[in-house]
Amino acid sequence: MIGNLTYEQVDAIATELGSSVETIRTITKSLNIEELQDFLSTVEGYSKYLKTTIEMNKDADKALQDLNNKK
């Protein structure tokens, strides 16, 4: 878990953010709004950050479980 959310919930949020970024880019491609592109890049980066955080937390959970099993 990350906070009160399961890994699956966080992954769903990250995936939805990534999908939304692609949809917005497709719709606004011809508008050349630089500020919007900067925002979308930030959202896309956050989506990737969430996915990385999930993997790091899963690895930490596994390491903690291994330590508990060695007791």
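The values are calculated or read from the model by the stated rules, or taken from the named source; none is laboratory data. Quantities reported herein were computed from a predicted structural model and do not represent experimental measurements. Reconstructed Cβ throughout: ideal geometry from the backbone, glycine too, with neighbour counts over all protein chains shown. Just the protein is used for accessible areas: all its heavy atoms, side chains included, with ligands, DNA and RNA removed. Shrake-Rupley method; radii C 1.70, N 1.55, O 1.52, S 1.80 Å.
Overview of results
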read-out	value
Hits in segment 54-67 - residues which are within 12 Å of Glu8 (Cα to Cα) and touching a residue at least 40 places away in the same chain (Cβ under 8 Å)	Ile54, Lys58
Count - residues of segment 16-39 that are aliphatic (A, V, I, L, M), open to solvent by less than 90 Å² (accessible area, probe 1.4 Å), part of a helix (DSSP H, G or I) and more than 24 Å from Met1 (Cα to Cα)	3
Members of segment 28-71 that are basic (Lys, Arg) and at pLDDT below 85	Lys29, Lys70, Lys71
Selection status of Ile13, open to solvent by 90 Å² or more (accessible area, probe 1.4 Å) and in a helix (DSSP H, G or I)	no
